[in-house]
Amino acid sequence: MGQKVNPTGFRTGIMLDWKSTWYAGKQEFADLLCEDVKIRKFIADYVAKRVKQGRAGISAVRIERTREKVVVYIYSARVGVIIGKKGTEVDKLTKELEDLTHRHIEIKTMEVARPEVDAQLVAEDVADQLEKRQSFRRTMKRTIEQTMEAGARGIRIQLSGRLGGAEMARCETQVAGSIPLSTLRAKVDYGFIEAKTAQGHIGIKVWINSGDFLDAEGDNNAANAQKSKVSKKPARKTQG
């Protein structure tokens, strides 16, 4: 067994919040879980159709449910594509989601201020370059340099598939800085996507270390972690 840890699943419920926030009984749980998957897939497909170049640029989709409505938070670096002129696109998306789920939907768009240090958006950028037949080594090197210049503590990129059109699939990895997968308070982001090339699909995994949760100022998760931090014991005085 390899010593690999998924940083998102490892920190969920401890330093990171769940991507779906709601409660349901045994009879409704499975249906609502499948409905969340449908909502996320529909949003990704809907936005992808309206993007002229590149990918949708959606970092994450968070869902909150109440008795009256379903609130969908879309985190994206290209909010203008989702909203459209005077909010026309977001109104169409809301109506189609309501037809799909038969529930009252409210969509809130959240802009990703620093896409260079968002693992999912970085993975999408690498996929776009590979689909344009760029050299995978050059793409990995340039992406690592951009992310480190943006202030990241570390980044790791792993590509798997028929790299460079080779007959046999293989795995290539490049790392810069530190990626502490087992340190819970380390703010490690993870992203995955597949690039559809002429030779086949190439799997892209990206890990980005953005520092420490406890050092991040203005972060709600860091504040919660700080409250539960155990106070240090005072140093014992030595008798002279």
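Just so you know, all these numbers are worked out from the coordinates, no wet-lab data involved. Note that this is a predicted model, so its numbers are computed, not measured. Here the Cβ is made from the backbone with ideal geometry for all residues, glycine too, and neighbour counts use every protein chain on show.
Which order results if 37, 61, 71, 126 are arranged by neighbouring Cβ count within 10 Å, fewest first? Provide the component values of the computation, followed by the final result.
Working: 37 10, 61 20, 71 17, 126 25.
Least crowded to most crowded, the residues run 37, 71, 61, 126.
Which whole-number percent gives the relative contact order of the stretch 133-180, counting Cα pairs below 8 Å spaced six or more residues apart? Could you put the intermediate results ahead of the total?
Values: 53 pairs, mean separation 17.5, N = 48.
Relative contact order, the stretch 133-180: 36 percent.
Please give the contour-minus-distance gain from residue 201 to residue 46: 0.36 nm per residue of separation, less the Cα-Cα distance, rounded to one decimal in nm.
Values: separation 155, 0.36 × 155 = 55.80 nm, distance 2.19 nm.
The span from residue 201 to residue 46 would gain 53.6 nm if fully extended.
Over all alpha-carbon pairs in the stretch 1-126, figure out the percentage whose distance exceeds 21 Å. Can you show the working numbers first?
Details: 3548 of 7875 pairs.
Result: 45 percent of Cα pairs exceed 21 Å.
Given R₀ = 35 Å, what would the calculated FRET efficiency be for residue 214 paired with residue 64, taking r from the Cβ atoms and rounding to 0.05? Please list the in-between numbers first.
Numbers: r = 26 Å, r/R0 = 0.75.
Once the sixth-power term is evaluated, E becomes 0.85.
Using the number of other C-beta atoms within 10 angstrom as an exposure proxy, rank 214, 97, 121 with the fewest first.
On the way: 214 16, 97 21, 121 27.
Fewest-to-most ranking of 214, 97, 121: 214, 97, 121.
Under a 10 Å cutoff between Cα atoms, tell me which one of 205, 95, 26 has the largest fluctuation in the Gaussian network model of the chain.
26
Averaging sequence separations of C-alpha pairs under 8 Å and six or more residues apart, then dividing by the length of the stretch 15-111, give the relative contact order as a whole percent. Before the final figure, lay out the partial values.
Values: 114 pairs, mean separation 25.7, N = 97.
Relative contact order, the stretch 15-111: 27 percent.
Just for the stretch 15-111, what percent of DSSP beta bridges are antiparallel, to the closest 5?
Details: 7 of 16 bridges.
Among the beta bridges of the stretch 15-111, antiparallel pairing accounts for roughly 45 percent.
Compute the projected area of the convex hull of the Cα atoms of the stretch 116-216, averaged over all viewing directions, and report it in nm² to one decimal place. Show your work: numbers first, answer last.
Values: hull surface 23.8 nm².
Its average projected convex-hull area is 6.0 nm².
Based only on other Cβ atoms within 10 Å, what is the fewest-to-most ordering of 149, 98?
Values: 149 9, 98 15.
Neighbour counts put them in this order, fewest first: 149, 98.
Can you give the alpha-carbon Rg of the chain over 2.2 N^0.38 Å, where N counts its residues? Each step should come with its number before you reach the end.
Numbers: Rg = 20.8 Å, N = 240, 2.2 N^0.38 = 17.7 Å.
Relative to the 2.2 N^0.38 Å estimate, the chain comes out at 1.18.
Work out, step by step, the length gained on full extension between residue 21 and residue 34: first 0.36 nm times the residue separation, then minus their alpha carbon distance; give nm to one decimal.
Numbers: separation 13, 0.36 × 13 = 4.68 nm, distance 1.42 nm.
Once the chain is fully extended between residue 21 and residue 34, it gains 3.3 nm.
Can you give the FRET efficiency to the nearest 0.05 for residue 128 and residue 168, using r as the Cβ-Cβ distance and R₀ = 35 Å? It would help to have the intermediate numbers written out before the result.
Working: r = 25 Å, r/R0 = 0.71.
The computed FRET efficiency comes out at 0.90.
Can you compute the charge dipole magnitude of the stretch 15-111 about its Cα centre, using +1 on each Lys and Arg Cβ and -1 on each Asp and Glu Cβ, nothing else charged? Give it in debye, rounded to the nearest 20.
Numbers: 20 positive and 15 negative charges, 84 e Å.
Its charge dipole is roughly 400 debye.
Out of all DSSP beta bridges with both ends in the chain, state the antiparallel percent to the nearest 5. Display every interim value, and only then the final one.
Details: 33 of 43 bridges.
Percentage antiparallel, nearest 5: 75.
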